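Some notes on the structure that comes next.
The values are calculated or read from the model by the stated rules, or taken from the named source; none is laboratory data. All values reported here derive from a predicted model rather than from experimental measurement. Here Cβ is always computed from backbone atoms with ideal geometry, including for glycine, and neighbour counts include all displayed protein chains. SASA here: full protein model, heavy atoms, side chains in, ligands and nucleic acids out. Shrake-Rupley method; radii C 1.70, N 1.55, O 1.52, S 1.80 Å.
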2 protein chains.
Amino acid sequence: MPTHNEYAAWLALCRVKGLGCVSFKRLVVQFADPRDVFAASRSALEQVEDLGAEAIDGIVNFQEWTEIDEEIGRIRDAGITLVCYSAASYPARLRTIADPPPLLYVKGELKSVDDNAVAVVGSRSASDYGRRVAHDLARGLARAGFTVVSGMARGIDGMAHEAALNAGGRTIAVLGSGVERTYPPEHGKLYQRISAQGALVSELPIGTRPMAFNFPARNRLISGMSLGVVVVEATEKSGSLITASLAVEQGREVFAVPGEIGSSRSRGAHRLIRQGAKLVETVDDILEEIAPQLLARRGAAKATPLALPQNSSAEARKIFSLLQDASLQVDEVIERSGLAAPRVLQILLELELQGYVRQLPGKRYAAENTH
Amino acid sequence: MPTHNEYAAWLALCRVKGLGCVSFKRLVVQFADPRDVFAASRSALEQVEDLGAEAIDGIVNFQEWTEIDEEIGRIRDAGITLVCYSAASYPARLRTIADPPPLLYVKGELKSVDDNAVAVVGSRSASDYGRRVAHDLARGLARAGFTVVSGMARGIDGMAHEAALNAGGRTIAVLGSGVERTYPPEHGKLYQRISAQGALVSELPIGTRPMAFNFPARNRLISGMSLGVVVVEATEKSGSLITASLAVEQGREVFAVPGEIGSSRSRGAHRLIRQGAKLVETVDDILEEIAPQLLARRGAAKATPLALPQNSSAEARKIFSLLQDASLQVDEVIERSGLAAPRVLQILLELELQGYVRQLPGKRYAAENTH
């Protein structure tokens with residue numbers, strides 16, 4: 001394998017046939033840097049759990065580095081950022097789902113405040129009532145400091161993004177096409193506003209057209225990066241019901257807004273409520289349900305940074321201070337600290353056991369803010 | 001105590017101070033005939049569980065027989081029927097609640113088909129939506145053979161009665177006043193139709209004016225005689241929520257119809273749904289939930305009457321045939337069978353243990369239709 005940056009290796013892995021999100025995640029955890037995957041021997045790859053022969057062949061025989069370089073050029077030219085699974089800006093909640101996308105194409109910017117996200121989704125053919133409700137809930141969520149996640153579709157989705165933007169809040173649109181595509185076309189203005197005041201996100205390579213069969217997979221990202229999913233209006237065959245059931249699988253809260261019986265647009269929401277979704281009338285109904293998770297986070301954010309005990313070694317303090325601003329890979333810690341590798345590993349382990357640092361995927365370490 | 005008919009004794013017991021529905025029920029079960037209560041000695045009454053001194057004094061010193069006779073005259077003149085707790089026409093489900101009224105004043109007629117009753121209740125100040133929903137559900141229930149129970153109030157209640165009547169079904173109005181009173185006054189026509197095609201029912205003495213403080217107690221009868229209660233529209237302070245919580249205590253199903261959020265008239269129903277009430281969109285949603293109880297009843301109605309085994313004694317067969325058409329009190333069984341009392345009691349006990357007859361309150365017995 002020629003010398004490439006990490007992103008080239010990520011993109012290359014994404015092109016390997018027979019390599020699903022779950023195996024991809026295993027590779028990332030095991031090899032930390034995807035470049036190491038391409039440097040690995042066949043026998044090393046064969047030891048990765050559940051990694052199929054097709055995927056191993058694809059890795060060992062990978063040749064398309066020129067295309068990858070061209071792709072990186074196109075991504076750069078389109079103003080798109082690649083955010084890989086092990087990056088600090090990768091959405092924290094999304095990392096916890098069973099099949100997180102290894103790589104996100106991002107237009108705009110993902111921020112750590114987006115960890116407090118709530119999805120608002122629903123019918124493309126929304127009623128005036130549905131649009132009004134989507135607007136009011138999204139505005140209320142934005143005012144309460146939540147990032148509003150949705151799918152930028154017509155109807156409820158578009159209204160949710162717009163209301164969050166108008167309230168001065170953040171919003172994330174998860175697309176079922178390449179992230180550079182504006183779909184539906186009439187949402188051109190909305191696309192621009194979201195990229196300036198939030199982020200558009202896709203796991204699909206640029207150039208991918210919006211195809212219906214990509215939408216269910218997209219929906220798992222909408223629920224995956226959110227604390228909960230609010231279904232505003234949904235027919236019985238709505239994709240929003242798929243999002244809701246993915247949310248349940250992912251352990252996310254599901255909320256549904258009732259409407260008049262006899263309106264087919266409310267039938268999906270009513271079915272969700274019968275199945276146990278929380279009936280929502282106001283933003284407070286949502287906050288009440290997700291409050292436990294929020295309080296924990298807010299408490300963490302307010303706490304003063306942890307200080308090591310007075311009797312800590314100078315080496316431990318050095319390493320701990322290196323990890324204050326950003327997470328670092330083990331190799332970076334070794335390099336920047338100027339200490340011997342075994343000593344660094346020993347100190348990191350001690351700090352982790354004492355609760356001062358925590359390990360992230362990809363052999364990265366970060367300082368804990370609070371116990 | 002002078003010689004009076006049974007109803008006079010019932011009415012007299014109702015006038016005894018300190019005698020609540022629960023103690024009343026105990027007296028009825030213990031003495032079978034209320035005349036025996038007035039014939040009982042003070043020491044016999046003192047042995048009745050939880051019967052207070054005030055109630056015992058009231059029974060022993062009861063003097064108002066003249067007033068009772070006058071009351072009976074007024075009841076007769078008003079075309080009102082008295083249905084006491086131990087009567088066959090007393091609503092079977094109502095008998096099972098913790099505090100069944102000892103005596104019902106009935107205008108019209110209670111029938112055994114009314115055992116399959118569903119209550120439809122809601123706001124007096126209903127919206128067009130609420131009225132439409134009440135109409136459609138009540139009509140559907142009536143068409144499916146259910147008696148629609150409600151409180152004859154303005155709004156949802158009135159609409160529910162009317163729709164059931166228009167569908168050619170039966171309906172029961174439970175009043176919070178004397179049963180001869182038409183309240184609200186504009187429901188005069190409705191009152192006439194209900195008395196002809198169903199029943200108006202009250203536990204309150206004739207002449208009692210409609211007072212708000214009587215309505216919650218009234219509501220326990222609405223739920224008590226029904227398989228379930230459907231709340232169509234209800235504000236957060238609606239009496240319908242009281243009916244719903246009484247229904248829960250009584251083990252009845254609670255159903256609620258959602259509406260648009262932001263409508264204060266739907267807030268009560270939404271709260272009920274959050275608390276576990278079944279969300280209702282169609283009559284089928286109701287039928288589905290109460291089907292298990294219905295199937296049992298329908299099966300019972302269709303079954304051929306039980307026959308005693310061939311080797312049964314002639315005496316047992318005689319007694320069993322006496323009980324085929326109607327329930328009888330022990331004394332009546334003794335009298336009509338011409339058998340000695342101890343033998344009758346022994347046979348009844350055997351038949352009961354074998355599942356051929358069952359005991360009813362007031363020492364009455366009835367033949368079982370099916371095992």
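Scanning for something basic (K, R), open to solvent by 40 Å² or more (accessible area, probe 1.4 Å) and part of a loop (DSSP other than H, G, I, E, B), does region B:58-74 turn up at least one residue? Talk me through it step by step, then tell me what you get.
Restricting attention to region B:58-74, the residues satisfying the condition of being basic (K, R) are B:74.
If we keep only those that are open to solvent by 40 Å² or more (accessible area, probe 1.4 Å) too, we end up with B:74.
Checking the rest, the ones that are also part of a loop (DSSP other than H, G, I, E, B) come to none.
For region B:58-74, residues basic (K, R), open to solvent by 40 Å² or more (accessible area, probe 1.4 Å) and part of a loop (DSSP other than H, G, I, E, B): absent.
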Any residue in region B:204-228 that's closer than 18 Å to B:G20 by Cβ: show its pairings with residues that are at pLDDT 90 or above and open to solvent by 30 Å² or more (accessible area, probe 1.4 Å) at Cβ separation under 6 Å, as long as the two are six or more apart or on different chains.
B:P216/B:I242; B:N219/B:I242; B:N219/B:L246; B:R220/B:L246; B:G224/B:Q250
If only one of B:L165, B:L141 is of a type outside the set (G, A, S), at pLDDT 95 or above, surrounded by fewer than 22 Cβ atoms within 10 Å (Cβ to Cβ) and under 20 Å from B:I286 (Cα atoms), which one is it?
B:L165
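Within region A:99-109, how many residues are in a loop (DSSP other than H, G, I, E, B) and buried (at least 24 other Cβ atoms within 10 Å of the Cβ)?
Here is the first cut: in region A:99-109, the ones in a loop (DSSP other than H, G, I, E, B) are A:99-102, A:109.
So of that shortlist, the ones also buried (at least 24 other Cβ atoms within 10 Å of the Cβ) come out as A:100-101.
Residues that pass the stated criteria total 2.
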Look through A:L175, A:L94 and report the one residue that is out of contact with any helix residue (DSSP H, G or I) (no Cβ under 6 Å at 6 or more places or on another chain) and either open to solvent by 10 Å² or more (accessible area, probe 1.4 Å) or in contact (Cβ under 8 Å) with a residue 40 or more places away in the chain (or both).
A:L175
Is one or more of the residues making up region A:171-179 closer than 18 Å to A:A142 by Cβ, assigned to a helix (DSSP H, G or I) and aliphatic (A, V, I, L, M)?
no
Which of the residues spanning region A:117-134 are within 12 Å of chain B (Cβ to nearest Cβ) and part of a helix (DSSP H, G or I)?
A:D128, A:Y129, A:G130, A:R132, A:V133, A:A134
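Kindly indicate which of A:F24, A:F31 is in contact (Cβ under 8 Å) with a residue 60 or more places away in the chain and in contact with a helix residue (DSSP H, G or I) (Cβ under 8 Å, 6 or more places away or on another chain).
Numbers: A:F31 fails: in contact (Cβ under 8 Å) with a residue 60 or more places away in the chain.
One residue alone meets the criteria, A:F24.
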Residue under question is A:K237, and the condition is that it be more than 18 Å from A:V179 (Cα to Cα) and touching a Lys or Arg at 6+ places or on another chain (Cβ under 9 Å); does it hold?
no
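Given the residues A:R42, A:R93, which is the only one that is at pLDDT 90 or above and in contact with a Gly (Cβ under 8 Å, 6 or more places away or on another chain)?
Working: A:R42 fails: in contact with a Gly (Cβ under 8 Å, 6 or more places away or on another chain).
One residue alone meets the criteria, A:R93.
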Which pairs turn up if I take residues in region B:281-301 that are farther than 19 Å from A:G268 by Cα and look for partners that are at pLDDT 90 or above and in a helix (DSSP H, G or I) with beta carbon separation below 8 Å, at least 6 apart in sequence or on another chain?
B:L294/B:L287; B:R297/B:D115
Which of the residues belonging to region B:19-38 are closer than 15 Å to B:Y7 by Cα and either of a type in the set (K, R) or surrounded by fewer than 17 Cβ atoms within 10 Å (Cβ to Cβ) (or both)?
B:R35, B:D36
Hits in region B:245-286 (condition: open to solvent by 20 Å² or more (accessible area, probe 1.4 Å), small (G, A, S) and more than 10 Å from chain A (Cβ to nearest Cβ))
B:S245, B:G251, B:S264, B:G276
A:G130 being under 22 Å from A:N5 (Cα atoms) and out of contact with any Pro (no Cβ under 6 Å at 6 or more places or on another chain):
no
One residue is enough: does region B:113-127 have a residue meeting the conditions closer than 29 Å to B:A12 by Cβ, at pLDDT below 95, open to solvent by 10 Å² or more (accessible area, probe 1.4 Å) and polar (S, T, N, Q)?
no
Of the residues in region B:136-163, how many are within 22 Å of the chain's Cα centre (by Cα) and part of a loop (DSSP other than H, G, I, E, B)?
6
Do we find that B:S223 is closer than 20 Å to B:D114 by Cα, crowded, with 22+ Cβ neighbours inside 10 Å and away from chain A (no Cβ under 13 Å) in this structure?
yes
